[in-house]
Amino acid sequence: MKHLLSAADLSRDEAVLILDTAAELAAVTDRSVKKLPTLRGLTVVNLFFEDSTRTRISFEVAAKRLSADVINFAAKGSSVSKGESLKDTALTLEAMGADAVVIRHQASGAPHRLATSGWIGGSVVNAGDGTHEHPTQALLDAFTLRRHLRDGAGDLAGLRVAIVGDILHSRVARSNVLLLQTLGADVTLIAPPTLMPFGVESWPCRFSYDIDAVLPDVDAVMMLRVQAERMQAAYFPSSLEYSRMYGLDSRRMAMLPEHAIVMHPGPMNRGMEISADVADSPRAVMVEQVTNGVNVRMAVLYLLLGGRQEETR
Amino acid sequence: MSATVLRGVRPYGEDPVDIVIADGVIVDLVAPGSGDGEVIDADGLIALPGFVDVHTHLREPGREDAETVRTGSQAAALGGFTCVHAMANTSPVADTAGVVEQVWRLGQEAGLVDVRPVGAVTVGLEGQRMAELGAMAESAARVRMFSDDGKCVHDAVLMRRALEYVKAFDGVVAQHAQEPRLTENAQMNEGELSGRLGLAGWPAVAEEAIIARDVLLAQHVGSRLHVCHVSTAGSVEVVRWAKSKGINVTAEVTPHHLLLTEELVATYDPIYKVNPPLRRAEDVEALRAALADGTIDAIATDHAPHPREDKDCEWAAAAMGMLGLETAFSIALDTMVRPGLLSWRELAQRMSAAPARIGRVATQGHDLVVGAVANIAVVDPSASRVVSGADLASKSSNTPYAGMELPGRVVHTLFAGTPTVRDGALA
Ligand SMILES: [Zn+2]
């Protein structure tokens, strides 16, 4: 594996290997050893064309725990905001000797472009591109699901997961559908028809417009952020109607099976897609998702770059 | 004036003859080897009337870094064209007699093809006020085709008035059919693939709804309508219905919509970014069938040069459009003639006679008969070549066919009797 551009790039075995590696790394870093020498001498660039402090920090911590040198290259305060192109930025990073570029970009496909254009030689990790994909988010979600519902081992065969919210604009949903399906889970997307992607019928999952019909039969529900501004584009009439029809409140949470967990990739819109009491309930695993994010990203960087360091030696 | 002889050439792929040309006109068709004059060897090659493009972006004035009237004319001649219609979306926009005359003069100076400026329908392509269509029609450029191409004349009243107004000088409105609200920020054909790639969709209905409205408007006011770059099976159905009702509508299809499909977008390589977008295989099939049965009248290139930096970027930031002039014949051969969908005579209709008629260009699109203006493309259908952007005469290199082996070659082009291309190179 040279790049991680899409969750579709991962076979079941590759995905399980990443999750297993993340579990091992978590075990090691839990025990006082906060830093491993694995990627010493390698350079990881966080290239963020779009603000996302949480994802950027997660990758930064992951790379540093593996002893990589980290360069944060943000659109703001760099030449990017003055209009330097993706290409010129890439050539600059290549000249700096980047071994991996973690890219967040508002344009769908920008990581593919970076990986296939010949502009750089290093590995490319997609940290979220437009409304396309966010594969490490899906990996951390899978890791979280496995830890809670599958004793932290193997795949997710038979697991029932509902993903609720703005599926149309969600890179998290796209990556999760692909990855969870690869791992054997049974995914149901829930949204008003206006926020369902065109052609969803042919996706490898189910879909429904009725959250109440689905909740009693799932092991986990993943709530997606819904921006209130979407109502200006007539995706739904009002925040109130959205949260009444699709929001997760305590009444709906009570419909979930006893063991089911509540997830959210963050940042949450309390009162919109999720009520405060649900967000703060013990069934909600959002804080743990953040921790798992670091471990999964360590695993991804380790598996992409581990071999490269052998060469360097 | 001395005569020129196209020796041993096969008009429309039929029996070989010598075509004798003098004073820019075909003066004789005689047995091979018997024509007198300066000989151009065309033994066994096929002669077709010079191609006419009703949809070309020459970029001058304003974007001379992408193309000029001269380089675009060179590309056209090398593609077997003897006439191109230069779209109005230049800078300044070709919305006045002054600008269309400037483009027309630049075409005359280049002298390789008839450059027929297309006038903008609305001032600045803004869709607000009608441009001075009459002044452009009366100018030295004798504009007959009007289009806001790149943008749709979406205001129904303006479209109606424009359709009516151009009747006074036998003009035509060429509509870029794209409902703007349905295609805000659109990046590719809307379908299962756009959903998967996370690229905002350009739904077929946004094209079809405008065409449906416009054919009904044309019927209501008894005007002539031309539909640019038809790209969907549904649009074909609407045009077919309109023609069955006797509505005066013509339509064009681009070479790329006859060959390429949306799957190419999965590479996220903006070389495949074009407007209207590449569609599904079913659409390609429907377009080929419609061109074969005459529902679509003409092949038009929508030749759209862009400098490297406008394609060397992420998909969303890239410009829309691809080169077409120097590959159009090859694509037509590959998609239409070889599969038996069009005979050579029918291809001549679609690439020369019909577009000349749509643009009301009296000196173009003639059959290869005595007395016709000697606008002639001589082609070798048995040749083939691997396309390379660097080899093209166009100032830009944004061809989606780079690296592909395409059949056929334009060997000679004669423009009003004068060779503009000989042996595949500019004369
Ligand atoms: Zn157009």
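Of note:
- Where both bridge residues fall in the protein assembly as shown, DSSP classifies roughly 30% of the beta bridges as antiparallel.
- Using only side-chain charges placed at the Cβ, +1 for Lys and Arg and -1 for Asp and Glu, the dipole size of the stretch B:50-358 relative to its Cα centre rounds to 860 debye.
- Pairwise FRET efficiency - B:Val205 versus A:Asp210, Cβ, R0 = 35 Å, nearest 0.05: 0.80
- Normalised by 2.2 N^0.38 Å, with N the number of residues, the alpha-carbon radius of gyration of the stretch B:255-322 equals 1.21.
- Value of D in µm² per second that Stokes-Einstein yields for the stretch B:50-358, Kirkwood Rh from Cα pairs, at 25 °C (0.890 mPa s): 129 µm²/s
- Measuring gaps between exposed loop sites in chain B (trypsin sites (Lys or Arg not before Pro); DSSP loop; at most 14 other Cβ atoms within 10 Å), the longest gap, sites not included, is B:246-427.
- Cα-based values for chain A, radius of gyration first and Dmax second, are 19.3, 60 Å.
- Accessible area per residue, Å², the stretch B:216-275 with all protein chains present, probe 1.4 Å: 30 Å²
- Net dipole in debye of the protein assembly as shown [+1 Lys, Arg Cβ; -1 Asp, Glu Cβ; about Cα centre; nearest 20]: 1460 debye
- With R₀ set to 22 Å, the beta-carbon distance separating A:Met1 from A:Lys34 gives a calculated FRET efficiency near 0.25.
- The calculated FRET efficiency for the pair B:Glu14 and B:Arg161, based on their C-beta separation and a Förster distance of 51 Å, comes to about 0.65.
- For the segment B:199-205, counting C-beta atoms of other chains within 10 Å of every residue's C-beta and taking the mean gives 2.
- Among residues other than A:Val70 with Cβ under 13 Å from its Cβ, the summed charge is +3 (Lys and Arg +1, Asp and Glu -1).
- Distance from the alpha carbon centroid of the stretch B:109-150 to that of the stretch B:1-72 works out to 27 angstrom.
- The stretch B:145-286 gives an Rg/Rh value of 0.99, both radii derived from C-alpha positions and Rh following Kirkwood.
- Measure of compaction for the protein assembly as shown (Cα Rg per 2.2 N^0.38 Å): 1.11
- Solvent-accessible surface (1.4 angstrom probe) belonging to B:Val370, in square angstrom, nearest 10: 90 Å²
- Beta bridges per DSSP with both ends in chain A, % antiparallel, nearest 5: 5 percent
- Inverse mean reciprocal Cα-Cα distance (Kirkwood Rh) of the stretch B:1-79, Å: 14.4 Å
- At full extension, B:Trp241 and B:Ser388 could sit 48.9 nm farther apart than now, given 0.36 nm per residue minus the alpha carbon distance.
- Projecting the Cα atoms of B:Ala186, A:Val164, A:Met1 onto the charge dipole of the protein assembly as shown (Cβ charges, centred on the Cα centre) puts A:Val164 farthest toward the positive pole.
- Spin-label model distance (nm) - A:Val290 vs B:Arg345, 7 Å beyond Cα toward Cβ: 7.8 nm
- Simple rule: put +1 on each Lys or Arg Cβ and -1 on each Asp or Glu Cβ in the stretch B:50-358, find the dipole, and look at B:Asn89, B:Ile211, B:Met320; the Cα lying farthest toward the positive end is B:Ile211.
- Lys/Arg +1, Asp/Glu -1 at C-beta; chain A dipole; positive extreme among A:Ala279, A:Leu305, A:Ser67: A:Ser67
- Calculated mean residue ellipticity at 222 nm for the protein assembly as shown: -9500 deg cm²/dmol, from DSSP H runs with n ≥ 4 weighted as -39500 (n - 2.57), summed, divided by the residue count and rounded to 500.
- Within the listed set B:Gly198, B:Gly294, B:Gly171, the Gaussian network model of chain B (springs between alpha-carbon atoms below 10 Å) gives the highest mean-square fluctuation for B:Gly198.
- Peptides B:16-28, A:234-246 ranked from most to least packed by the mean count of surrounding Cβ atoms within 10 Å: B:16-28, A:234-246.
- With every protein chain in place, the stretch B:50-358: carbon and sulfur % of accessible area (1.4 Å): 49 percent
- Among beta bridges from DSSP that stay inside the stretch B:50-358, the antiparallel ones total about 5%.
- Rounded to the nearest 10 degrees, the inclination of helix B:281-293 to the longest alpha-carbon principal axis of chain B is 50 degrees.
- The mean of 1/r over all distinct Cα pairs in the stretch A:45-138, once inverted, gives the Kirkwood hydrodynamic radius of 13.2 Å.
- Entry note: the stretch A:135-285 has Rg to Rh equal to 0.93, where both radii use alpha-carbon atoms and Rh is the Kirkwood radius.
- Helix axis angle, A:135-149 relative to chain A longest principal axis, alpha carbon, degrees: 60 degrees
- Taking the accessible area of the stretch A:135-285, probe 1.4 Å, and keeping the other protein chains in place, the carbon and sulfur fraction comes to 52%.
- Folded to 0 to 90 degrees: helix B:204-221 orientation relative to chain B principal axis, Cα: 80 degrees
- Expressed as a fraction of 2.2 N^0.38 Å, the value expected for a compact globular protein of N residues, the C-alpha radius of gyration of the stretch B:1-44 is 1.01.
- Alpha-carbon centroids, the stretch B:329-369 and the stretch B:379-426: separation in whole Å: 17 Å
- Leaving ligands and nucleic acids aside, the B/A contact buries around 1400 square angstrom of accessible area in total at a 1.4 Å probe radius.
- Cα→Cβ-extended label distance, 7 Å offset, between B:Glu132 and A:Ala157, nm: 7.9 nm
- The length gained by stretching the chain between A:Arg54 and A:Asp217 to full extension, at 0.36 nm per residue less their Cα-Cα distance, is 55.5 nm.
- Residue-wise HN-Hα coupling along the stretch A:186-197, computed from phi with Karplus coefficients 6.51, -1.76, 1.60 (Hz; x: Gly, Pro): 10, 9, 10, 8, 10, 6, x, x, 5, 9, 9, x
- Peptide packing: for B:29-42, A:253-266, the average count of neighbouring Cβ atoms within 10 Å per residue gives the ranking A:253-266, B:29-42, highest mean first.
The values are calculated or read from the model by the stated rules, or taken from the named source; none is laboratory data. Because the structure is predicted, anything quoted here is derived from the model rather than measured. All Cβ positions, even for glycine, are placed from backbone atoms using ideal geometry, and neighbour counts span all protein chains on display. Calculation scope for accessible area: heavy atoms of the full protein, side chains included, ligands and nucleic acids excluded. Shrake-Rupley method; radii C 1.70, N 1.55, O 1.52, S 1.80 Å.
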